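Everything below concerns the one structure shown next.
The values are calculated or read from the model by the stated rules, or taken from the named source; none is laboratory data. It should be emphasised that the depicted structure is a prediction, and the values quoted were computed from it without experimental measurement. Methodologically, a virtual Cβ is constructed for each residue, glycine included, from the backbone with ideal geometry; neighbour enumeration extends over all protein chains shown.
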Amino acid sequence: MQAQMRLPLTPHGIPELATFAVLFLGGAACGWGLVGGWFGAGCAVIGCGAYAFVLNFFRDPERPLPGGEDIVVSPADGKVTDVLELPAMPPCGGSGDSGPCVRIGIFLSVFDVHVNRVPLKGQVCHLAHRPGAFLDARDPAGSDRNEAMDMGLTVQMPSGPRQVLVRQIAGAIARRIVCPALIGQQFQRGERYGMIKFGSRAEVFLPRDMVAEVLVQPGDMLKGGLNAIARLKECPQ
């Protein structure tokens, strides 16, 4: 059976793609048709170039998953800004898992893919939106102060259910977080679950006693769903 062809653009970008098509491509056509000459050609080139940037921002390529089920995949493209051990997990639904955790922060520039992916197979147990500021997304302080969307996942481990948290954070340019996930929804590792528009930060919180090894360090460049960020002591069931 032949695989179904898929347009490599996220459906979360349809409103912007339509709006900017009218603005940029319409402007380019008007500049070329009404003004003409070198000036009209310049307007056309600028308009088409601006729309190419928008298309690039909303791209959504297919990604092969790395390793086995004990591998935690990156929730986003971007640069690792910090790997911290914190004294307590943020609230993430379910029960337990209030002890020490590892937080991995990733900065997404406007040139990265902004579709977010689930780091581990699990069921959504917690969703919480937090209004806030719009600090530079490269600043780890944005984790506590910027507008954010938390999604808690219950991960079924051989030793019992555990909770992990994925956080989408708005930045100085990003002003909209998209997370259509629902409580009770099941996700597979690496599956798409939302996006942050125009520059942002993503974080993963893992209970410390679940983690066998953190596989990234500040400065590493990641691809969402493709690169491993940690290895667990057990494989999720």
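Among the residues of the range 98-155, write down those that are in a loop (DSSP other than H, G, I, E, B) and free of Cβ contacts under 8 Å to residues at least 12 places away in the same chain. Lay out the reasoning, then the answer.
Restricting attention to the range 98-155, the residues satisfying the condition of being in a loop (DSSP other than H, G, I, E, B) are 98-100, 109-114, 118-121, 131-132, 134-141, 147.
Within the range 98-155, Ser98, Asp139, Ala141 qualify.
Might you check whether a residue that is more than 24 Å from Asp144 (Cα to Cα) and surrounded by 18 or more Cβ atoms within 10 Å (Cβ to Cβ) occurs anywhere in the range 204-213?
no
All but one of (1) touching a helix residue (DSSP H, G or I) at 6+ places or on another chain (Cβ under 8 Å); (2) over 22 Å from Ser159 (Cβ atoms) hold for Pro100; state the number of the condition that does not hold.
(2)
Take the range 189-232 and flag every residue that is of a type in the set (D, E, K, R) and touching a residue at least 40 places away in the same chain (Cβ under 8 Å).
Across the range 189-232, the qualifying residues are Arg189, Glu191, Arg192, Lys197, Arg201, Glu203, Arg208, Asp209, Asp220, Lys223, Arg231.
Is it the case that Val80 is in a loop (DSSP other than H, G, I, E, B), closer than 19 Å to Ile229 by Cα, touching an Asp or Glu at 6+ places or on another chain (Cβ under 8 Å) and at pLDDT 90 or above?
Spelling it out, it is not the case that Val80 is in a loop (DSSP other than H, G, I, E, B), closer than 19 Å to Ile229 by Cα, touching an Asp or Glu at 6+ places or on another chain (Cβ under 8 Å) and at pLDDT 90 or above.
Anything in the range 169-193 that is surrounded by 15 or more Cβ atoms within 10 Å (Cβ to Cβ), in a strand (DSSP E or B) and modelled with pLDDT of 95 or more? List them, or say none.
Phe187, Arg192, Tyr193
So how many residues does the range 61-88 have that are touching a Cys at 6+ places or on another chain (Cβ under 7 Å) and over 15 Å from Cys101 (Cβ atoms)?
Here the count works out to 3.
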